[in-house]
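Below: the structure, in structure tokens.
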Amino acid sequence: MGSELALMAIGLAVQVAALAIFPFALLAASCRAINSVQDCQLPATPYIELSSLAIGIFAGVVVLTSNVHWALLDPGEIFRQGGPWDMTFGQFLAGPANPLAYDLSAILVWPFSGKLPSLAGFAVLLLGGAVFYGPVLLHRSRRAFAHGIRNVVIVVWGAYATVYLFFYAGWVVNRLNFWIFLVLLLIVGALRRRSERVVLKIN
């Protein structure tokens, strides 16, 4: 019995770690692929990348508001076995980890569909266009073009990661169930001990 519980705990830890790493590995691979074709470092690189990430997070919030029924955030739904958050590893990959499963109509609409994006969607498209065309028009070089593409990649990734991590957090809480409170206590205790060490060093 004890060995079975240990194996289940190890399996869950591996799944949690793999899903946590996945979106960040995706971003690293995408940026590395662009840099392998053309170096895209510019003087404003760190600032415009942070701006691109902020736009992406905003886009992710827009997507969330049009996809999530907020009743799903009820604690009874989050912890319920067989509920919307109770997903296997494969179900999570096929669902929340799959960007094609989201309704993106608040930002992107089909041409000639007669529909328009929401005001927030227009803002995302406008700002996303700015972080692409800004460097291209300012520097007019292959490096600037690559930089603009990477900015768009960061915007898209920021939106995806925002939605992904939202569902990931709910999935982890459901998987851990009441053990989540023990994990939170351990994290709070570790942070408190670390802050005490910092104060002692300052003194």
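Only the coordinates and a few stated rules stand behind these numbers; no lab work does. In this text the structure is predicted, and so the values were computed from the model without any measurement. Ideal geometry is used to build each Cβ from the backbone, glycine not excepted, and the neighbour counts take in all protein chains shown.
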Q | Two-decimal log10 I(q)/I(0) for segment 1-137, as the Debye equation yields it once each C-alpha is a single scatterer, q = 0.12 Å⁻¹ | A | -0.73
Q: Net charge near VAL37: determine it from the other residues with C-beta under 15 Å of the C-beta of VAL37, scoring Lys and Arg +1 and Asp and Glu -1.
A: +3
Q: Give, rounded to the nearest 20 debye, the magnitude of the charge dipole that segment 33-173 has about its Cα centre when Lys and Arg contribute +1 at Cβ and Asp and Glu contribute -1 at Cβ.
A: 540
Q. Which whole-number percentage describes the relative contact order of segment 1-200, with Cα contacts under 8 Å and a sequence gap of 6 or more?
A. 34
Q: For CYS31 paired with ALA123, estimate the spin-label separation in nm (one decimal), with each label point 7 Å from Cα along the Cα-to-Cβ line.
A: 2.5
Q.
Sort 6-17, 59-70 by the packing proxy (mean of other Cβ within 10 Å over each peptide's residues), most packed first.
A. 59-70, 6-17
Q. How many nm separate the modelled label positions at LEU73 and PHE24, each set 7 Å beyond the Cα in the direction of the Cβ?
A. 2.5
